[in-house]
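Visitor: Below you'll find the structure I mean.
The values are calculated or read from the model by the stated rules, or taken from the named source; none is laboratory data. Not measured: the values here are computed from a predicted model. Note that we place each Cβ from the backbone using ideal geometry, even for glycine, and neighbour counts take in every protein chain shown.
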Amino acid sequence: MIINPTKKALPIFNKLVKTKDASAAKRFAIANPFFSWHANYYSLNRKKVIILVNDLTYATVVLYDINAKNKSKLDQFIEEGIQAAFVMTGISHENIDAYFKIAGSIEVNAGFNRQVTGAMTNLVLMLQRSNARYLNKLIQTKLMNWLMQIPFRQKNYIFAKEAIKKAFQTNLSIAKSTPELPKDTYEVNKTWTDYHQWDKYENDQTLFTNDGTKYEQVRAGIQENNKLLLAEFQNYLTKVQGLSKKVITKHVNNAEFLIDEFLTYYTILTPLKASNYVMEYFSDWFPRKAAYSVTELKSNATSIKKFFKFMEIAGEISQSNVEIARQGIKEGMELGIEYFQMLDNMEDEWE
């Protein structure tokens, strides 16, 4: 069983066994979310309250007053809390025993699933605002029961108890996680055609004459080729980096916006030329056209860095192109952040 605390909560779990291979543990958690839990804590009256949320079902465990003296038994408390959560759902002791046997001993990794972390943060806020009275009871079953009656949008508003019952019917087994492949052994399945065939259109002003039909046709051809490139980028993120489906979709969509929209907005540019234009993208075009915050800007930069690395592995650009892109992203981000700061200052002046 994998416990994935937030960075802030990691010191609380330092007495427990730390996983030897963080990457393998993450891939296991992604493949087996029923046996993976995210964790965080908050303080109440100088006592630490730990909350754990199951990655698959959002089953919730609340442990009160975990201190330096008793955190050496935290693995025991976690198992007892999980058992209590399952019992109140109506799961038989036989099935609960089977769960723990399959899950194995507790190992600590690190939080990675933003969807689960977001749900956990909302639960913490609810606990903080509830003014709940804590008794001398370590496992807070009443609070757990209350929290598991809250439906979450991420789960299509399914209640945790309903999800737990379903999980015991369909997920009481270990799925094989995708092995991580070293980048030099990853075999790219190149289904797209050579982008150099479009080089001749880069400065061709005749594309925009008359009604621009020629421009639209050339642009459509590049975008069709981009679909094949992005499909392999998605495959790379899945097999090599072992990311969750949601995160992969975000990275692919961000890369698609760069190569489908920005690079063909003013003229005809293929992904091969992207490294020379990312500073303009992050400093001006993306903040004005699409980004709503610095956070979104930074998230997009993470995706584009991964895309350039994939392009290098695919043999489409050189390592020097990747370095140019990294520097361009860095400089563009600095200017993009300044843009948002300027907007914030303008809003303050108008208030």
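Visitor: Can you name every residue in the range 229-275 that is assigned to a loop (DSSP other than H, G, I, E, B) and more than 22 Å from Ala31 (Cβ to Cβ)?
Guide: Leu263, Thr264, Tyr265, Tyr266, Thr267, Ile268, Leu269, Thr270 - these are the residues of the range 229-275 that are assigned to a loop (DSSP other than H, G, I, E, B) and more than 22 Å from Ala31 (Cβ to Cβ).
Conditions (1) farther than 18 Å from Ala160 by Cβ; (2) surrounded by fewer than 18 Cβ atoms within 10 Å (Cβ to Cβ); (3) not hydrophobic (A, V, I, L, M, F, W, C), marked per residue:
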residue	(1), (2), (3)
Asn4	no, no, yes
Val17	yes, yes, no
Ala22	yes, yes, no
Ile30	yes, no, no
Ser36	no, no, yes
Ala39	no, no, no
Asn45	yes, yes, yes
Lys48	yes, yes, yes
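Visitor: Here's a follow-up. Return the only residue of Glu331, Glu316, Glu338 being farther than 25 Å from Ser244 by Cβ and either touching a strand residue (DSSP E or B) at 6+ places or on another chain (Cβ under 8 Å) or not in a helix (DSSP H, G or I) (or both).
Guide: Only one candidate qualifies: Glu316.
Visitor: While we're looking at this one, here's another question. Check whether at least one residue in the range 13-30 is in contact (Cβ under 8 Å) with a residue 24 or more places away in the chain, closer than 27 Å to Met88 by Cα and more than 18 Å from the chain's Cα centre (by Cα), and report yes or no.
Guide: Looking through the range 13-30, at least one residue is in contact (Cβ under 8 Å) with a residue 24 or more places away in the chain, closer than 27 Å to Met88 by Cα and more than 18 Å from the chain's Cα centre (by Cα).
Visitor: For Leu125, all conditions in the list (1) of a type outside the set (D, E, K, R); (2) farther than 23 Å from Lys246 by Cβ; (3) in a helix (DSSP H, G or I); (4) modelled with pLDDT under 90 hold save one; what is the number of the exception?
Guide: Looking at each condition in turn, Leu125 falls short on (2).
Visitor: Give the residue that is nearest to Glu232 (Cα to Cα), with candidates limited to residues of the range 317-337 that are touching a Leu at 6+ places or on another chain (Cβ under 8 Å) and either at pLDDT 95 or above or among the β-branched types (Val, Ile, Thr) (or both).
Guide: First pass over the range 317-337, keeping only residues touching a Leu at 6+ places or on another chain (Cβ under 8 Å): 317, 333, 336-337.
If we keep only those that are either at pLDDT 95 or above or among the β-branched types (Val, Ile, Thr) (or both) too, we end up with 317, 337.
On the way: Ile317: 15, Ile337: 31 Å.
Selected residue: Ile317.
Visitor: Can you say whether Thr270 is at pLDDT 95 or above, more than 23 Å from the chain's Cα centre (by Cα) and in the same structural domain as Ala220 (by TED's automatic domain parsing), as far as the supplied structure shows? Reasoning before the result, please.
Guide: Working: at pLDDT 95 or above: yes; more than 23 Å from the chain's Cα centre (by Cα): yes; in the same structural domain as Ala220 (by TED's automatic domain parsing): yes.
In short, yes.
Visitor: Scan the range 112-139 and report the pairs whose first residue is within 26 Å of Asn70 (Cα to Cα) and whose second residue is at pLDDT below 85, with Cβ atoms within less than 8 Å and a gap of 6+ or a chain change.
Guide: Correct list of pairs: Gln128/Leu44; Tyr134/Leu44; Tyr134/Asn45.
Visitor: Is there a residue in the range 50-70 that is under 22 Å from Ile164 (Cα atoms), touching a residue at least 40 places away in the same chain (Cβ under 8 Å), touching a helix residue (DSSP H, G or I) at 6+ places or on another chain (Cβ under 6 Å) and surrounded by fewer than 17 Cβ atoms within 10 Å (Cβ to Cβ)?
Guide: No, the range 50-70 contains no residue that is under 22 Å from Ile164 (Cα atoms), touching a residue at least 40 places away in the same chain (Cβ under 8 Å), touching a helix residue (DSSP H, G or I) at 6+ places or on another chain (Cβ under 6 Å) and surrounded by fewer than 17 Cβ atoms within 10 Å (Cβ to Cβ).
Visitor: From Tyr265, Tyr236, grab the single residue that is at pLDDT below 95, of a type in the set (Phe, Trp, Tyr) and within 18 Å of the chain's Cα centre (by Cα).
Guide: The match here is Tyr236.
Visitor: What number goes with the only condition from (1) buried (at least 20 other Cβ atoms within 10 Å of the Cβ); (2) within 18 Å of Tyr195 (Cβ to Cβ) that Asn276 does not pass?
Guide: Condition not satisfied by Asn276: (1).
Yes or no, residue by residue, for (1) touching a strand residue (DSSP E or B) at 6+ places or on another chain (Cβ under 9 Å); (2) in a strand (DSSP E or B); (3) not β-branched (Val, Ile, Thr); (4) not assigned by TED's automatic domain parsing to the domain that holds Ile150:
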| site | (1), (2), (3), (4) |
| --- | --- |
| Ala25 | yes, no, yes, no |
| Ser43 | yes, yes, yes, no |
| Lys48 | yes, yes, yes, no |
| Val61 | yes, yes, no, no |
| Ile66 | yes, no, no, no |
| Glu79 | no, no, yes, no |
| Gly90 | no, no, yes, no |
| Ile96 | no, no, no, no |
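Visitor: Could you tell me which residue of the range 297-333 is surrounded by the most Cβ atoms within 10 Å (Cβ to Cβ), considering only residues that are in contact with a Ser or Thr (Cβ under 7 Å, 6 or more places away or on another chain) and within 14 Å of Leu258 (Cβ to Cβ)?
Guide: Restricting to residues being in contact with a Ser or Thr (Cβ under 7 Å, 6 or more places away or on another chain) and within 14 Å of Leu258 (Cβ to Cβ), the top hit is Phe308.
Visitor: Assess whether Ile78 counts as being within 29 Å of the chain's Cα centre (by Cα) and at pLDDT below 95. Outline the logic, then answer.
Guide: Working: within 29 Å of the chain's Cα centre (by Cα): yes; at pLDDT below 95: no.
Against the criterion (within 29 Å of the chain's Cα centre (by Cα) and at pLDDT below 95), Ile78 does not qualify.
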